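Novice: The structure's right below; bear with me while I get my questions together.
The values are calculated or read from the model by the stated rules, or taken from the named source; none is laboratory data. The structure displayed is predicted, hence computed values, not measured ones. Cβ atoms come from the backbone with ideal geometry, glycine included; neighbour counts cover every protein chain shown. Just so you know, the surface numbers come from the protein's heavy atoms only, side chains and all, with ligands and any DNA or RNA stripped out. Shrake-Rupley method; radii C 1.70, N 1.55, O 1.52, S 1.80 Å.
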Amino acid sequence: MNFETVSNVTLTKIGFGTWKIGGESSPNRSRDAHSLAALRSALELGYTHFDTAEMYAGGHAEELLGQAIRESTIKREALFVTSKVLPANLKYEQVLRACEGSLRRLGLEYLDLYLIHWPNASMQLVDTFRALNKLVSDGKVRHLGVSNFDLKLLKQAGSLSETPILTNQVPYSLSDRSYVRSGVLEYCQQNDIVMTAYSPVDEGNLRITASLEAIARAHQATPYQIALAWVVAQPRVIAIPMSANPKHQAENLAATDIVLSRAEMEQLNQSG
Ligand SMILES: NC(=O)c1ccc[n+]([C@@H]2O[C@H](COP(=O)([O-])OP(=O)(O)OC[C@H]3O[C@@H](n4cnc5c(N)ncnc54)[C@H](OP(=O)(O)O)[C@@H]3O)[C@@H](O)[C@H]2O)c1
């Protein structure tokens, strides 16, 4: 397993996403056994960074993640749990309440990382960060970050946060280079901010080209593993793929051990 260290915080190159664990935008309790099995196998395989949000399954993803953590033998300190506040909850009091809700559902005393899930047009970032900074000083949250922030907003967040912005979580995959084109990746790399790639395997709809397939064959890997290996080979980039399938979960973790040659990286760089 490879790591990325910024501001004295070490993050695994591959974490585990929880969108669709426990439902989609509302809870679907009929899938609980399936969702818990996915979380248990991820914990057993050695995932330590879990990405969730108050939005996922209307909070039920957090409940199931908390349950899976409590039922495992893994110590809290060995895990890194990220959650996110909804764009509709960015006023001072709302942020504090939203975080309490996430902690209660997770059954945790603190979050390792708390993100603004998405900017909203009317947000007052000064107000939002006043609350986020308080959560850090109260020990409810260890680190702060943002998600889906463009370059201008990311810089603004950096100037308002009393602790370093640890990450900007954005879509990034072989087929989605929008945050490279907008200069966000370069800014993150130059300013010790991790760019967390969400939907790194295109939500399971990876476009498998002949060249991707050839590279996969050369490494006795799957195209999905090569897609992830390409993402996490880049400095200051980590990825949080989601999979309910233990075989895929193991393959995704193992993708960090694949060393792509300079020529292969170049070929994949050109393929987007
Ligand atoms: N901040 C945001 O706005 C935001 C937005 C979207 C997502 N996210 C976060 O990012 C996480 C990942 O993104 P995502 O869930 O949208 O998409 P993703 O991780 O790109 O794709 C998940 C899908 O890919 C399949 N898959 C995963 N690994 C595979 C493999 N090795 N081989 C074949 N299929 C594989 C999974 O199917 P199986 O279950 O069958 O393996 C699942 O259907 C989310 O869970 C969430 O935590 C954040």
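Novice: Based on this model, can you work out whether residue 33 counts as more than 25 Å from residue 158 (Cα to Cα) and either surrounded by fewer than 20 Cβ atoms within 10 Å (Cβ to Cβ) or more than 14 Å from the ligand (Cβ to nearest atom) (or both)?
Specialist: For residue 33, the condition - more than 25 Å from residue 158 (Cα to Cα) and either surrounded by fewer than 20 Cβ atoms within 10 Å (Cβ to Cβ) or more than 14 Å from the ligand (Cβ to nearest atom) (or both) - is met.
This table checks each residue for (1) closer than 30 Å to residue 233 by Cβ; (2) open to solvent by less than 10 Å² (accessible area, probe 1.4 Å); (3) aromatic (Phe, Trp, Tyr).
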residue	(1), (2), (3)
12	yes, no, no
15	yes, yes, no
46	yes, no, no
56	yes, no, yes
73	no, no, no
93	no, no, no
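Novice: Cβ-Cβ below 6 Å, separation at least six or inter-chain, first residue in segment 11-25 and more than 10 Å from the ligand (Cβ to nearest atom), second part of a strand (DSSP E or B) and of a type in the set (Asp, Glu): which pairs?
Specialist: Taking only residues 6 or more apart or on different chains, the pairs are 11/4.
Residues checked against (1) more than 11 Å from the ligand (Cβ to nearest atom); (2) in contact (Cβ under 8 Å) with a residue 24 or more places away in the chain; (3) within 18 Å of the chain's Cα centre (by Cα):
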| residue | (1), (2), (3) |
| --- | --- |
| 171 | no, yes, yes |
| 227 | no, yes, yes |
| 234 | yes, yes, yes |
| 260 | yes, yes, no |
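Residues checked against (1) within 13 Å of the ligand (Cβ to nearest atom); (2) open to solvent by 20 Å² or more (accessible area, probe 1.4 Å); (3) aliphatic (A, V, I, L, M); (4) under 27 Å from residue 34 (Cα atoms):
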| residue | (1), (2), (3), (4) |
| --- | --- |
| 157 | no, no, yes, no |
| 198 | yes, yes, no, yes |
| 203 | yes, yes, no, yes |
| 257 | no, yes, no, no |
| 264 | no, yes, no, no |
| 272 | no, yes, no, no |
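Novice: Could you say which residue among 163, 167 is hydroxyl-bearing (Ser, Thr, Tyr), open to solvent by 20 Å² or more (accessible area, probe 1.4 Å) and in contact (Cβ under 8 Å) with a residue 24 or more places away in the chain?
Specialist: 163
Novice: Now a separate question. Taking segment 20-45 on its own, how many of its residues are out of contact with any His (no Cβ under 9 Å at 6 or more places or on another chain), closer than 15 Å to residue 245 by Cβ and in a loop (DSSP other than H, G, I, E, B)?
Specialist: Counting residues in segment 20-45 that are out of contact with any His (no Cβ under 9 Å at 6 or more places or on another chain), closer than 15 Å to residue 245 by Cβ and in a loop (DSSP other than H, G, I, E, B) gives 1.
Novice: Going through segment 50-79 one residue at a time, which ones are more than 16 Å from the ligand (Cβ to nearest atom) and outside any helix (DSSP H, G or I)?
Specialist: 72, 73, 74, 75
Novice: Follow-up question, since we're still on this one. Suppose the filter is part of a helix (DSSP H, G or I) and surrounded by fewer than 19 Cβ atoms within 10 Å (Cβ to Cβ); does residue 214 pass it?
Specialist: Taking the combined requirement at face value, the residue satisfies it.
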